[in-house]
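The values are calculated or read from the model by the stated rules, or taken from the named source; none is laboratory data. Worth saying up front: this structure is predicted, and the values here are computed from it rather than measured. Cβ placement follows ideal geometry from the backbone for every residue including glycine, while neighbour counts extend to all protein chains displayed.
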């Protein structure tokens, strides 16, 4: 398996860097998968100050994304993107492993 389970789109990297700049401190963006949501699993996006020893670290254009090892199997081959459209702004995962997802795009099934 590739060491980076996900890729980061240029839009997502820019948004993460903008958030860190607005926070006025170095921050990392954590992507996690947990049970729940309408479709069985849900994505979690949080800001983090500290990296865990077993985190996978993915970097692009100054943005740092962390993924815990439990979430990796659900995310392999995915891309973290940032969408800004009429429906609003949000981080989204483009996940080839998802067999279905809910309308909000934050939960999925495998």
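Give 45, 91, 108 a once-over and let me know the one that is touching a strand residue (DSSP E or B) at 6+ places or on another chain (Cβ under 6 Å) and modelled with pLDDT under 85. Give the steps one after another, and end with the answer.
On the way: 45 fails: modelled with pLDDT under 85; 91 fails: modelled with pLDDT under 85.
None of the other options fit; the residue is 108.
Residue under question is residue 61, and the condition is that it be in contact with a strand residue (DSSP E or B) (Cβ under 9 Å, 6 or more places away or on another chain), at pLDDT 90 or above and under 17 Å from residue 17 (Cα atoms); does it hold? Full working, then the answer.
Values: in contact with a strand residue (DSSP E or B) (Cβ under 9 Å, 6 or more places away or on another chain): yes; at pLDDT 90 or above: yes; under 17 Å from residue 17 (Cα atoms): yes.
Yes: the conditions hold for residue 61.
Looking across region 30-62, the residues that are surrounded by 13 or more Cβ atoms within 10 Å (Cβ to Cβ) and over 20 Å from residue 13 (Cβ atoms) come down to 33, 34, 37, 38, 39, 40, 41, 42. Could you tell me which residue of region 63-85 is surrounded by the fewest Cβ atoms within 10 Å (Cβ to Cβ), considering only residues that are in contact with a helix residue (DSSP H, G or I) (Cβ under 9 Å, 6 or more places away or on another chain) and within 11 Å of residue 8 (Cα to Cα)? Only one residue fits best here, namely 79.
Here is the figure for region 4-41: residues that are part of a strand (DSSP E or B) and either at pLDDT below 90 or farther than 15 Å from residue 81 by Cβ (or both) total 7.
How many residues, within region 64-88, are in a strand (DSSP E or B) and touching a strand residue (DSSP E or B) at 6+ places or on another chain (Cβ under 7 Å)?
Kept after step one, since they are in a strand (DSSP E or B), are these residues of region 64-88: 64-67, 78-85, 88.
Next cut, touching a strand residue (DSSP E or B) at 6+ places or on another chain (Cβ under 7 Å) only: 64-67, 78-83.
Of the residues in that region, 10 qualify.
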